[in-house]
């Protein structure tokens, strides 16, 4: 069965590899942090435009993983900047044809939600609300820090043949630019 899904997806990849509207794209529209009770919390609005190849895979039973990659960087005057914290929050979106529902599962916490439409699922996934990033006590006083975030379609969990195919076609390379801002205290 998995081989059949890979063959179907490979066929759609080959037939649409050069279509401009197939590419999709991830864009972080806004992102900021708030310091509440000694912890920095992240809020962001992310546009998750999946490519047609990714949508075809999802509709054919291949779960997709989207990750938020977050880094806290300490600025230093006479040395290289230092990454003091990294966080990866991973979500899996899957489609269940029997119920016609899209399921988003937080792979870090196990929490999951069900949506009646793809649009609703992606709109919810693109809203990052009050994600704890770092405890303020771990940061040095009077030091400048930058926080940055990007969204990535993670293909590392794909089955072997699909991972190979996905790594060759642009429709699977969905990664936003880094969105960075100064961490305000």
Q. Exposure proxy check: 138, 42 ranked by fewest other beta carbons within 10 Å?
A. 138, 42
Q.
If you consider only alpha-carbon coordinates, what radius of gyration and Dmax does region 29-185 have, in Å?
A. 17.5, 60
(Q) Along the Cα→Cβ direction, 7 angstrom out, place labels at residue 92 and residue 141. What is the inter-label distance in nm? (A) 4.6
Q.
Based only on other Cβ atoms within 10 Å, what is the fewest-to-most ordering of 83, 156, 33?
A. 156, 83, 33
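FYI, it's all coordinate maths here, none of it is from the lab. Just so it is clear, the model here is predicted, and its values are computed rather than measured. Backbone-built Cβ (ideal geometry, glycine too); neighbour counts: all protein chains shown.
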